[in-house]
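Written below as structure tokens is the structure these notes are about.
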Protein chains: 2
Amino acid sequence: MSIVEKELLRAREAAKAANMLTREQKDQALAVMGEHILRATDEILTANKKDLTRAQEAFETQARLDRLALDEQRILAMVQGLHAVIALDDPIGEVMASWTRPNGLLIEQVRVPFGVVGVIYEARPNVTVDTAALTLKTGNVVVLRGGKEAYETNAALTGALRRALEEVGLPSDLVMMVTDTDRRSVDALIRARGMVDLVIPRGGAGLIRHVVEHATVPVIETGVGNCHVYVDANAKLDMAVEITLNAKTQRPSVCNAAETLLIHEAIAQDFLPLIARRMIASGVELRLDEPSFFVLQNHSALSHNEERTLALLQRAVEEDYATEFLGLILAVKVVSSLDEAIDHIGRYGTGHSEAIVTEDLATAEEFLRRVDAAAVYHNASTRFTDGFEFGFGAEIGISTQKLHARGPMGLRELTSYKYRVRGTGQTRT
Amino acid sequence: MSIVEKELLRAREAAKAANMLTREQKDQALAVMGEHILRATDEILTANKKDLTRAQEAFETQARLDRLALDEQRILAMVQGLHAVIALDDPIGEVMASWTRPNGLLIEQVRVPFGVVGVIYEARPNVTVDTAALTLKTGNVVVLRGGKEAYETNAALTGALRRALEEVGLPSDLVMMVTDTDRRSVDALIRARGMVDLVIPRGGAGLIRHVVEHATVPVIETGVGNCHVYVDANAKLDMAVEITLNAKTQRPSVCNAAETLLIHEAIAQDFLPLIARRMIASGVELRLDEPSFFVLQNHSALSHNEERTLALLQRAVEEDYATEFLGLILAVKVVSSLDEAIDHIGRYGTGHSEAIVTEDLATAEEFLRRVDAAAVYHNASTRFTDGFEFGFGAEIGISTQKLHARGPMGLRELTSYKYRVRGTGQTRT
């Protein structure tokens, strides 16, 4: 039996207890977890330093080092996260529906935990604590498989969480960490049918593709977003500028940021200079189709003499429309109709978040109905696709599949249900 | 491009229309489908004869031939099935929840179709019509991949369905049939990421395992059931006899039939002779653990002289408890406690349907809470796990996984949702 298999057996055993926990038990454990993390601050920071040193020696990018690095403030934020989860209602045991059949059977649909949930993630160590909190609150046992580069940090964090569970008299195996850092341990986890009820990959497109293609346990695919803003012929141009700018630049590295701007040809002449000026001021490179390039190239309002402006006005190639830039690049395309915009989104979109800006309600409704994405917006930024912004109080990820959960996933999306049927001796005839 | 890929492209295109259909359009199409099936009765029966002849030549079992065979009555039943689906509410467009955020964003969670649903099934041709009706009503495009042995019949049925769609002015590609009967076409279907939103295998354990292990598109696993009846120390024995008998014998070939009987030791002496006599009268072979074998071997109420009785009293081996017999065999085990019963079910059960018979409410509640299965029963037969018995009016299968749907799946379980967000220019800060 491999290390991972042994760890999964322990997780399976702990799941029997997790299912039966009261809200009070779970909230108490979460509070004590916070205390143990604070108490272990030095230990966690020392572990984190080891990871950082190794990452520097491996010439990791500055962005990756930033994601990996912890300080006292980031540790405090993790503890605050635990308290935010304490404040949320416990979804387990909720009777979602109930009815009585003509034969007298009382059927109840009751919310239950999944059981054992595997979470596979990359650099950021706060995911360890966030995820453990959300899975504990939903009565699940979590099996954490973090990135190799954060191993020491994750081990220190998990150690603190497990000590807290022990202190409150719960099985420490409610929070499990895969201790085998070999890549094969990921495959062992995602192919453990009957042992793992659900796997959630949180990370880059490569990780998610690997998990989806090799898993035999159920998976929720998260987070790849090639999102669009479509500015309709009847848009308020100033609103369209603010929404597009927000969707692109407020946090360009995340999945709900916009990657392509579609503009109705009727307003392209007016709108393009407005949005281009603001994007250029924000350092956004525009990848323009021929019509939009033509408009901007000749527009007096843009200071074309400046080298910087010229460098930011590029011609788009087909591939740009299929790319999740996750940075300060925006593909731009002029379309002749709503149909063309919807077709473009259907072809290149990833079903994440799509927005229309228009004052025409009929056009807005058609867009909202026909565009096939987790979240469709009228006159708002795509950046709102987020568990906290939706008011869920938490987020384990954003699903881009249609099975089980779509869009932001909070506590409820970490649950399944079962049917509880009460009879008085009924048999089927 | 393979044949299947071309067919999936057509399905994808049709899905855009399917999403927008009104209830009236869908119900009209279903009614006209019924007319076309009746009109094509001769053609369908001729096709069925071809399949039957080939199956006989291939020395298929009588059970398989029975499942494959159509007659006018079975065709009529298919048409009645279409009308049953017409009577059901259209779930698409239902606003499942809606709320307004402090920033004024109105968020609605709206029920939408999956898009393209692949269904892979075996002999019974009525699945073709049932499935097409349920997927059409839920705004999905179905890609049917039936068994090779029913190819001619399924082609004739699909032809009638598609002609009906054309007659009412809808795209005939709303109902697609994979015309490539090679096994590789199954793999093409279950690995068509981005083209197929969901695959549902309906059939034997081998088919389901193949799909789950090789699919890269989301799957709902259906139908493997190793179900238990646990007769507690405080059970009414006559009720326990009726429930166990019903769960085992009312239709032994289906997934919600019981395969193992667990008996509390306190009542084993009294209960075993009662249930054994009835099971033996029904021709059920009992696979008994040592304690139950001992009780029955020496019991005067059973006529042990008869060879037939003796042949039906067998000793159980470990493997019997893990087996879905799907026939007139029942494994029997005496347990010393509720804990032991729950542990046994946890070890050998497939999470389908599990029943307790007891007059002790606290024991019943503990069983209902702790047993991890799609449906858990108190004082009722496991045979009720069924979309019609639950009152759903339809059934596409019984899910044994926890992701998305669990237990009987009706129309609602064939849908996903999306978030529709309406703003007035909101951007994220």
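The values are calculated or read from the model by the stated rules, or taken from the named source; none is laboratory data. In this text the structure is predicted, and so the values were computed from the model without any measurement. Note: ideal-geometry Cβ built from the backbone for every residue, glycine included; neighbour counts use all protein chains shown. Side chains included, ligands, DNA and RNA excluded: accessible areas come from the protein's heavy atoms. Shrake-Rupley method; radii C 1.70, N 1.55, O 1.52, S 1.80 Å.
Some values worked out for this structure:
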read-out: Rg and Dmax of the range A:201-306, Cα atoms only, in Å; value: 17.6, 58
read-out: Förster radius 45 Å - calculated FRET efficiency between A:Glu108 and B:Glu43, Cβ distance, rounded to 0.05; value: 0.45
read-out: Debye log10 I(q)/I(0) at q = 0.06 Å⁻¹ for chain B, Cα point scatterers; value: -0.31
read-out: Sorted largest first, extent of the range B:227-384 alpha carbons per principal axis (Å); value: 44, 30, 25
read-out: Over 21 Å between alpha carbons, listed pairs B:Lys16/B:Lys418; A:Lys402/B:Lys16; B:Lys137/B:Lys402; B:Lys26/B:Lys148; A:Lys236/A:Lys333; A:Lys26/A:Lys49; value: B:Lys137/B:Lys402; B:Lys26/B:Lys148; A:Lys26/A:Lys49
read-out: Shortest-first distances to equivalent copies, position B:Ile3, nm, label 7 Å out along Cβ; value: 4.9
read-out: Net charge of neighbours whose Cβ lies under 13 Å from the Cβ of B:Tyr321, counting Lys and Arg as +1 and Asp and Glu as -1; value: -4
read-out: Chain A Cβ-axis minimum, rotational copy B, residue and distance in Å; value: A:His404, 2
read-out: Pseudo-label separations to other copies for A:Arg308 - Cα-to-Cβ vector, 7 Å, nm; value: 9.7
read-out: In the range A:332-397, the chymotrypsin sites (Phe, Trp or Tyr not before Pro) that fall in loop regions by DSSP, at most 15 other Cβ within 10 Å; value: A:Phe388
read-out: Rounded to 5, percent antiparallel among DSSP beta bridges of chain B; value: 30
read-out: Estimated D of the protein assembly as shown in µm² per second, where Rh is the Kirkwood radius over Cα pairs and Stokes-Einstein applies at 20 °C, 1.002 mPa s; value: 73
read-out: Largest to smallest accessible area among A:Cys227, A:Cys255 [probe 1.4 Å]; value: A:Cys255, A:Cys227
read-out: Probe 1.4 Å, accessible area per residue of the protein assembly as shown, Å²; value: 39
read-out: Across the identical copies, how the A:Gln62 labels are spaced - nm, sorted shortest first, 7 Å along Cα→Cβ; value: 8.1
read-out: Percent carbon-and-sulfur accessible area, the protein assembly as shown, ignoring ligands, DNA and RNA, probe 1.4 Å; value: 49
read-out: Whole-angstrom gap from the range B:262-297 to the range A:168-203, using each part's C-alpha centre; value: 42
read-out: log10 of Debye I(q)/I(0), alpha-carbon scatterers only, for the range A:1-81 at 0.14 Å⁻¹; value: -0.76
read-out: Kirkwood Rh and Cα Rg combined as Rg over Rh, evaluated for the range A:169-243; value: 1.27
